[in-house]
Every structure is written in C-alpha cells, then in structure tokens.
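Participant: Take a look at this one; I'll ask things after.
The values are calculated or read from the model by the stated rules, or taken from the named source; none is laboratory data. Not measured: the values here are computed from a predicted model. FYI the Cβ positions are ideal-geometry reconstructions off the backbone, even for glycines, and counts take in every protein chain you see. To get the accessible areas, we keep the full protein, side chains included, count just its heavy atoms, and leave off ligands, DNA and RNA. Shrake-Rupley method; radii C 1.70, N 1.55, O 1.52, S 1.80 Å.
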Amino acid sequence: MVGGSAAHGQVTERHFRYWSWWLLLFVVVWTAGYLRLAHDPVGLFKKNWLFIPVGFCGAILGNISAVGGGIVFIPVVMFLFHLPPVIALKIALASQSWGMTSGAIGWMQKRVIPLRALNLTVPGLLIGSTISSLVIHPSALLVKLLFGPVSMLLGILTIVLSRRAVPSTAAQEIPPNAAAPLFLIAVVGGLITGWIAIGEGELVAALLMLCYQVNVATCIGLGVVLLSINSIFLTLLHWLWLGGVPWNIAAFTGLGCVFGARLAPYLSRRSNPMVLKIIFAIISICDGILFIIQYALLHRRN
C-alpha cells in the first residue's frame with residue numbers, strides 16, 4: 001500500500017473509518033420510509049427480518065472480492081426462501097445497489113481508484129447491461145444455467161489471484177494499452193451481471209491484476225465501484241421496464257448490505273487477505289456446484 005507521500009503515478013491512500021454520519025442518516029431515512037410505506041410494519045418485519053443478516057454477510061463477501069453480494073443472495077433466496085430465480089436476481093441487484101454503493105464510498109475514501117479507469121469501463125458496462133436486460137431478457141433458465149459455471153469460475157479465479165504475487169510497488173494508474181481490453185471486459189461483465197448479478201467487478205479486477213500488474217487495492221476498489229454503478233443501472237431497468245422489484249424484501253437485504261459493505265474495506269485491511277479470499281472462493285465454488293447439480297437433475301427429469 002502507499003504511504004503518506006505518493007510516488008509518481010500513484011494515489012495517496014487515506015485512512016478508512018467505519019462509522020460515518022451518513023450511516024446514521026441512512027438509518028433514519030430508512031426507518032421513516034419503512035414506517036410510512038409498509039402497510040403492516042411489525043408483521044412485515046417479523047416475516048422478513050432474516051434478510052438483514054443475509055444482506056450483511058453478502059455485502060461483506062461481495063465487497064472484499066468485488067464479485068458482488070449476488071454470490072450469496074441468489075442461492076440463499078432460491079434455496080432457503082424458495083423464491084423464483086428471476087425474483088432472486090431482482091433482489092440481488094437491488095441489494096447490491098445499496099451494499100456495493102456503501103462499499104464504493106468506502107473505497108473512494110481510500111483514494112485508490114483512478115478516474116481514468118471509470119472513463120474506460122463505465123460505457124462498456126452500461127452497453128452490456130442494456131443488452132442483457134432489454135434485448136436478451138433474464139429468465140429462470142438463464143439464471144440456473146449460467147450462475148453455476150460462472151460462480152465456480154469466479155471462485156477459481158479468486159484463488160489464482162490470491163496466490164499470484166503482485167509487487168507492492170505495482171502501479172495504481174491504468175496503463176494506456178489497457179484501454180481497449182478494459183472496455184471489452186466491461187461489456188462482457190455487464191452482460192453476465194445483467195443475467196446473474198455477478199461478474200462485472202471480478203472480471204475487471206482480474207484483467208488488471210493478471211495482465212497489467214495493477215495494485216490489488218486499486219483493482220478491487222474499482223471492481224466494487226463498477227458493480228455499484230452496474231447494480232443501480234440494472235435495478236432501474238427492472239423497476240421501470242422489467243416487471244418491478246420486490247422492495248418488501250430488498251429493503252431488508254439493503255439495510256444489512258449498507259453496514260456489511262461498509263465493513264469490507266476495514267476487514268480487508270485488518271484481516272489476512274488470503275484467508276478472506278479462500279473463504280469466498282470456497283463459498284463461490286460450492287454455490288456453483290449446487291447450481292450445476294440442481295440444473296442437471298431438473299434437465300434429467302424433463
């Protein structure tokens with residue numbers, strides 16, 4: 001990591017604090033909105049409060065790895081709460097809109113993300129997300145078919161990235177020759193995220209770490225910011241044009257996400273990064289195996 005005085009081409013990293021005034025403001029606004037909009041606040045809370053810890057845990061894993069809380073939300077919502085795949089996708093995207101944005105604010109405060117990287121990637125992710133939402137609509141089949149293999153791939157990729165040594169002097173700026181590959185991988189990430197709520201952040205982070213030796217904090221932070229933008233954009237598309245979002249559930253996962261995501265940069269600094277990555281990779285690979293087995297069994301019955 002970079003110290004107090006940044007070297008040439010690097011960004012000075014600020015000390016990160018977990019608590020911020022906007023967290024209290026968020027809780028106040030969330031509570032006021034919930035009490036005003038919920039027809040039966042007490043009954044709804046008793047029914048859906050379990051989604052708060054689900055959001056908390058999903059946001060921690062998603063922000064540490066830049067994959068997104070969808071790696072937790074989709075399998076939990078489908079297998080534990082028995083909701084349809086597309087509903088699980090909508091909940092994951094809406095939850096990530098809260099959680100990844102909370103995490104993105106934390107990463108931005110660390111000042112490790114160069115603006116040029118956003119200029120190179122945001123147009124691509126918007127193009128990919130638009131195609132995967134409005135042209136090739138997400139469906140139950142797409143979610144079940146893609147989530148397993150992609151989840152396993154991201155878990156394996158996480159292990160590879162964790163074991164690959166990146167020099168502590170690695171650049172925090174994006175190399176000029178990375179412009180076209182970054183744009184293309186952002187388009188692919190937008191496509192995948194539109195169908196299964198994961199992929200954008202990890203693919204971009206992997207490209208920069210493996211191919212261009214960019215600083216780990218810069219790669220993960222950029223991935224979190226991109227997935228935040230992607231999740232907000234996709235949630236708006238679902239809300240306005242694709243049948244709406246189940247806010248009665250997403251409000252609870254979102255509440256947990258905000259606090260879990262805020263904790264992720266702090267944990268990444270205080271904990272053993274390798275242990276955190278291995279835990280995530282195991283969860284991701286197990287999720288993938290579970291989805292592949294379920295899809296194979298359903299296909300065999302049909």
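Participant: State the dimensionless ratio Rg/Rh of the stretch 221-302 (Rg: radius of gyration of Cα atoms; Rh: Kirkwood radius). All intermediate terms of the calculation are to be shown ahead of the outcome.
Facilitator: Numbers: Rg = 17.0 Å, Rh = 15.9 Å.
Ratio of gyration radius to Kirkwood radius: 1.07.
Participant: Can you give the Rg/Rh ratio of the chain, where Rg is from the C-alpha atoms and Rh is the Kirkwood radius? Write out the running numbers ahead of the final one.
Facilitator: On the way: Rg = 18.5 Å, Rh = 19.2 Å.
Reported Rg/Rh (Cα atoms, Kirkwood Rh): 0.96.
Participant: If you don't mind, another one. If you place +1 on the Cβ of every Lys and Arg, -1 on the Cβ of every Asp and Glu, and leave all else neutral, what size is the dipole of the stretch 12-118 about its Cα centre, to the nearest 20 Debye?
Facilitator: Here the stretch 12-118 has a charge dipole of around 220 debye.
Participant: Could you tell me, in Å, what Rg and Dmax come out for the Cα atoms of the stretch 92-132?
Facilitator: Just the Cα atoms of the stretch 92-132 yield Rg and Dmax of 12.1, 33 Å.
Participant: Per residue of the stretch 220-230, in order, report the coupling 6.51 cos²θ - 1.76 cosθ + 1.60 (Karplus, θ = phi - 60°) as ³J(HN,Hα) in whole Hz, putting x for Gly and Pro.
Facilitator: 5, x, 5, x, 5, 5, 5, 5, 4, 4, 4
Participant: Hey, another quick one. Averaged over all directions, how much area does the convex hull of the C-alpha atoms of the stretch 28-90 cover when projected, in nm²?
Facilitator: Working: hull surface 20.5 nm².
Convex hull of Cα atoms, orientation-averaged projection: 5.1 nm².
Participant: Report D for the stretch 88-225 in µm² per second (integer): Stokes-Einstein, Kirkwood Rh on Cα pairs, 10 °C, 1.306 mPa s. Provide the component values of the computation, followed by the final result.
Facilitator: On the way: Rh = 15.3 Å.
Rounded, D is 104 µm²/s.
Participant: Along the charge dipole of the chain, Cβ charges K/R +1 and D/E -1, which of ALA179, GLY288, CYS57 sits furthest on the positive end?
Facilitator: About the Cα centre, the residue reaching furthest to the positive side is CYS57.
Participant: Tell me the carbon and sulfur percent of the accessible area for the chain, rounded to whole percent, probe radius 1.4 Å. Walk me through the numbers before you get to the answer.
Facilitator: Details: 9700 of 13560 Å².
Within the chain, the accessible surface is 72 percent carbon and sulfur.
Participant: If packing is taken as the mean number of other Cβ atoms within 10 Å per residue, what is the order of 211-218, 227-234, highest first?
Facilitator: Details: 211-218: 20.2, 227-234: 26.4.
Highest-to-lowest ranking by the protection proxy: 227-234, 211-218.
Participant: Using the heavy atoms of the protein chains and a 1.4 angstrom probe, tell me the accessible area per residue for the chain in square angstrom. Mind dumping the intermediate values first?
Facilitator: Values: 13560 Å² over 302 residues.
That works out to 45 Å² for each residue.
Participant: In addition: Please work out whether the stretch 188-231 counts as rounded, prolate or oblate from its C-alpha gyration tensor, where a ≥ b ≥ c are the square roots of the eigenvalues and a/c under 1.5 means rounded, while otherwise a/b larger than b/c means prolate and anything else oblate? Walk me through the intermediate numbers first.
Facilitator: Working: a/c = 3.44, a/b = 1.76, b/c = 1.95.
Oblate is the answer for the stretch 188-231, as a/c is 1.5 or above yet b/c matches or exceeds a/b.
Participant: Rounded, prolate or oblate: which one fits the stretch 77-145, using the alpha carbon gyration tensor with axes a ≥ b ≥ c (rounded when a/c is under 1.5, else prolate when a/b beats b/c, else oblate)? Don't skip to the end; give the middle numbers.
Facilitator: Values: a/c = 3.84, a/b = 1.55, b/c = 2.48.
Verdict is oblate for the stretch 77-145.
Participant: So what's the back-of-envelope 222 nm ellipticity for the chain, counting only DSSP H runs of four-plus at -39500 (n - 2.57) apiece and dividing by all residues, rounded to 500?
Facilitator: Details: 12 runs with 225 residues, N = 302.
-25500 deg cm²/dmol, from helical runs alone.
Participant: With just the Cα atoms defining each centre, how far is the stretch 104-150 from the stretch 225-302? Give it in Å.
Facilitator: Measuring centre to centre over Cα atoms gives 13 Å.
Participant: What shape does the stretch 153-265 take by its C-alpha gyration tensor, where a ≥ b ≥ c are the square roots of the eigenvalues and a/c under 1.5 counts as rounded, a/b above b/c as prolate, and the rest as oblate?
Facilitator: Values: a/c = 2.39, a/b = 1.69, b/c = 1.41.
Since a/c reaches 1.5 and a/b is larger than b/c, the shape of the stretch 153-265 is classed as prolate.
Participant: Also: Around VAL214, which amide H atoms from residues at least 5 apart in sequence, or from another chain, sit under 5 Å from its own amide H, with H modelled in the peptide plane?
Facilitator: Close amide H contacts, sequence-distant or interchain: MET209.
Participant: Here is a follow-up. Pairs LYS47/LYS90; LYS46/LYS144; LYS90/LYS144: which are spaced more than 22 Å apart, C-alpha to C-alpha? List each step's numbers first, then the result.
Facilitator: On the way: LYS47/LYS90 19 Å; LYS46/LYS144 30 Å; LYS90/LYS144 14 Å.
Check vs 22 Å cut-off fails for LYS46/LYS144.
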